[in-house]
Structure formats: C-alpha cells, structure tokens
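The values are calculated or read from the model by the stated rules, or taken from the named source; none is laboratory data. Quick caveat: nothing in here was measured; it's all calculated off a predicted structure. Ideal geometry is used to build each Cβ from the backbone, glycine not excepted, and the neighbour counts take in all protein chains shown. The accessibility values were calculated without ligands, DNA or RNA, using every heavy atom of the protein model including side chains. Shrake-Rupley method; radii C 1.70, N 1.55, O 1.52, S 1.80 Å.
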Amino acid sequence: MKSPFSKKVQGLKIIIVGCGKVGTTLVESLSKEKHDITVVDINPQVVQRVTGTYDVMGIPGNGASYSVQIDAGIENADLIIAVTESDELNLLCCTIAKKVGDCAAVARVRNPDYSAELSYLRDQLGISLIINPELETASEIARLLRLPTALEISSFAKGHAEIVKFRIPQGNVLHEMKLASLAEFKCDLLICAVEREGNLVIPDGSFELREMDLVSFLATPINTQNFFKKINVETHQVRNCTIIGGGKTSYYLAKQLLETNISVKLFEMNEQRCDELSVLLPKALVIHGDGSDESLLREEGIENAEAFVPLTGLDEENILLTLFARKNSNTKVITKINRSTFIDVIDSMDLGSVIYPRYMTTEKIVAYVRAMQNSIGSNIETLYHLFDNRAEAIEFKVEKDSPVIGKPLMELPLKDELLIACLNRKGKIIIPRGADSIQAGDRVIVVTAHTGFHDVKDILK
C-alpha cells in the first residue's frame, strides 16, 4: 500500500460515498482544501445537487459496487470515505476498495453493537479510521457536564490538556484585567482566543478582558478547576441529567453518565424502545412519554434538573425544549443541532452549549486527511474548529527532522494570529514561555486564525 505520509503537501484524490449531512459537510470542507473529490450516492438527484454546488465529480450508484467504484476512479484514489446511513454498507465499501485499489479507507459505524468491536474491525478489515458520530457526540456532552460552566471543551494530549470556552460573567474579577496580570492567580494556563461582539482576537499579554467576553483558554483539567475557583465561578459536576429522546446518542450518553454516578432520567415516546433501554440501562429511570409535553416535564420535576439535554431528531424541537428549560430552571442545557444553516440566529439565542455532530465527525476525518498530506513526518493528531470555523486548534506530533526544533519560541518566525498554546512532552503538559523550545517527540498544540495547516512547519512565516 502507498505510504499515507509519502506525499508532498498537495491535493489527494478522495472518493466520498454517501451525500447526507456528514458527506456534504465533508465535501464542503475538503473541497476548500483543494482535494480532487468524487462523490457517490444511490440517489441521482442528491449527486446532482452536490456536484452543482461544489466543484466535484459525481457518480450515481451503489458505493459498494465494484463497477461503480471503478467508474469513480478507485484504482488511482488515495482515500475512500464511506458515510452512508448503513454501517454494513460503509464497511463493505471500504473492504472492496481495499481489494480493488491501493488506498486508505475511513468508515462511519454507528451501531452500538459494533462499538466494542471497532478496534477488531479496523485491524481485520484494514480500515484506517472508524468513527462513530453518536458516540463522539455523547462523549463531548459528558465532558461538558463534568464542567457545567464551560460552553465548549476540546480535549488534547489524550485528555491531559483541554481548551475550555466560557463567558466571563457580569461583575467578575476578570473584567478590565490584562492577560499579563493573570499570573497572579498562579494557574498555569494560556488564553488562546477571545470573541467580543462577534469579533475574534488571538490576544497578547496587553489584551484587556471584559465581562461577557467569550474566552477560550488551554490548561490541564486540574488547573481549569483551580482557575474557575479563583475567579469565583462555580464548577461542580452535575448530579443528575434529564435526556429527551432514546436514540443512539442518548444511549451512549446515559451509559457514560451512569458510569460516573450521575443519575439519569430519560424520556422516550416509543414503548418498545423504552423496554430496550430499560434492559440496556437498568440504573436509569426510563419514562415512556412525550418529552416535549410541558405538563409531563413539570410533573417530572424539570425545575430540579441540574442538566437538561434534548436529543430528538428535530433541531426546532431541541431548541424549543432548551428555551423552555432555561425559562423554568437554572439547569445546564446542551442543545444538539444537526443542520448548519441559520448559525447567526442560533448564536443569538440563549441555548447554552451547542453541539454540531456533523462537524465533530468532519473534524476527525479532516485531521486524518491533513495527516496523510504531511511531508516531514510531523503528524496531525487532533483538530478542532473554534468560533464557528474562524479558528483552528491543532495538535501535531513533532519528529526529529522538523525545522521548528531547538530554537527558543521567541526566536521562531511565527505567523501572525497564531499561538503555540501547549507542549506535551512525554505526558508532561507545558504551557510554554518565550525561552522554551520544541523538542523531537513533543506534541505541540497550536491555536490559529489561519486554516489548512498540514504540518507543524506551517506555523512558520
């Protein structure tokens, strides 16, 4: 097989099978990065819509068909990404592609029955990456419920570091404080980005914070807790959670919460699904009823819920339920949004933390694609888009021949609007200062307003 790290930084030939929400979002993201993309979908109208919107080729047909894959150019492809609604079809697409072509393969697999077997499937089928959007979404929500103050938490260095986004409360001690003065709190952290009145800033030490700013900072989980305590912001983990809807994400979330001793109350309208969930989640209280029924929510004590997570299939219903919970309680709310339209309107609402599952899936796949392109062996390990895709946080692994090694950071010719936020050196998290230097084997976390970085050398002018 072609080494995925043998190419110079240039566009890859990518086949995307399935043009649903995730497939279309992938086409949007990867086409911006100048890849040669061919889409395959069983529905000709869907293929026509995607090819009419983006500069990509399209083939209508079954993506698991040998002849369709040949027509799509699998023999010369670098990567196939299968994101249809069927797990089995996605796995079959990748298996056939591996036999016919000489490419890497990525599959979306969502069924909980397969979730414990992903490593086995990946190894036996030779698939490069298997991703479960519902599990990823549930894990993200569970992280937020550990730290309810946060609006977003992006995890790096295998959980040893995190970028936390929160809004500075009115009257808080941070109001009118310069970043250089944060040292007095004796918390090892770095302010990475600030959004104020819609404008995004990658700040320096002279930047002055204000109440109601949206602030993202990087720290270890322990230092995050210490920082919030010192600025008098409550941080305790929630003790109970109300979940609306009994789908895959709800199951994964309830399972994770119960494992951390958070009690779960789950509403589901389908009686058969309630019976299934009662068996799968014996410690949860599963209620057969309409979770969007105001009287039922009041009867079941919505005002006492510490966390409220609507996970229905309808964005509008999730938004209305969040607004209702906001009005009737002080609960931590998390809103799942499937569509990417009307983001400005959504941002203007008081919806607490907003989760976009399609973007979480796309970020992991885009990170893998960029890693395939790197030329020096400095691999992308983690990628997050921040502030509605206006900034990126990227974790690189640095190899011995990288040009960023050895020099003090203050002497590196770094691009503007960029911060080296963290070094992970053999498990030790370092918030770097100007005299620190990058060493071979480090994991480096960079926050930047630039997009499209493939290699840690891209941070240099």
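A few points about this structure:
- Filter result for the condition that a residue is of a type in the set (Gly, Ala, Ser), surrounded by 19 or more Cβ atoms within 10 Å (Cβ to Cβ) and closer than 24 Å to residue 220 by Cα, over 435, 440, 393: 393
- Failed item in (1) hydrophobic (A, V, I, L, M, F, W, C); (2) open to solvent by less than 20 Å² (accessible area, probe 1.4 Å); (3) more than 21 Å from residue 240 (Cβ to Cβ), with residue 267 passing the rest: (3)
- Selection over the range 353-370 of residues that are over 14 Å from residue 381 (Cα atoms), open to solvent by 10 Å² or more (accessible area, probe 1.4 Å), part of a helix (DSSP H, G or I) and not basic (Lys, Arg) gives a count of 3.
- Scanning the range 238-251 for residues that are hydroxyl-bearing (Ser, Thr, Tyr) and open to solvent by less than 10 Å² (accessible area, probe 1.4 Å) returns a single hit, 250.
- Residues being more than 18 Å from residue 367 (Cβ to Cβ), touching a helix residue (DSSP H, G or I) at 6+ places or on another chain (Cβ under 8 Å) and β-branched (Val, Ile, Thr) - total across the range 399-457: 4
- Odd one out for residue 409, checked against (1) in contact with a Gly (Cβ under 9 Å, 6 or more places away or on another chain); (2) open to solvent by 30 Å² or more (accessible area, probe 1.4 Å): (2)
- Positions within the range 443-452 being open to solvent by 10 Å² or more (accessible area, probe 1.4 Å) and either at pLDDT below 90 or under 15 Å from residue 385 (Cα atoms) (or both), in sequence order: 449, 450, 451, 452
- Count - residues of the range 385-431 that are in contact with a Cys (Cβ under 7 Å, 6 or more places away or on another chain) and assigned to a loop (DSSP other than H, G, I, E, B): 1
- Those helices (runs of 4 or more DSSP H) of the range 182-287 in which 2 or more residues are under 26 Å from the mean Cα position of the chain (by Cα) occupy 221-230, 248-259.
- From the options 312, 322, 382, 335, residue that is out of contact with any Lys or Arg (no Cβ under 7 Å at 6 or more places or on another chain), part of a helix (DSSP H, G or I) and modelled with pLDDT of 80 or more: 322
- Which numbered condition residue 267 misses (of (1) farther than 23 Å from residue 150 by Cβ; (2) aromatic (Phe, Trp, Tyr); (3) touching a residue at least 40 places away in the same chain (Cβ under 8 Å)): (3)
- Hey, residue 224 under 30 Å from residue 259 (Cα atoms), of a type in the set (Val, Ile, Thr), open to solvent by 20 Å² or more (accessible area, probe 1.4 Å) and in contact (Cβ under 8 Å) with a residue 24 or more places away in the chain or not: no
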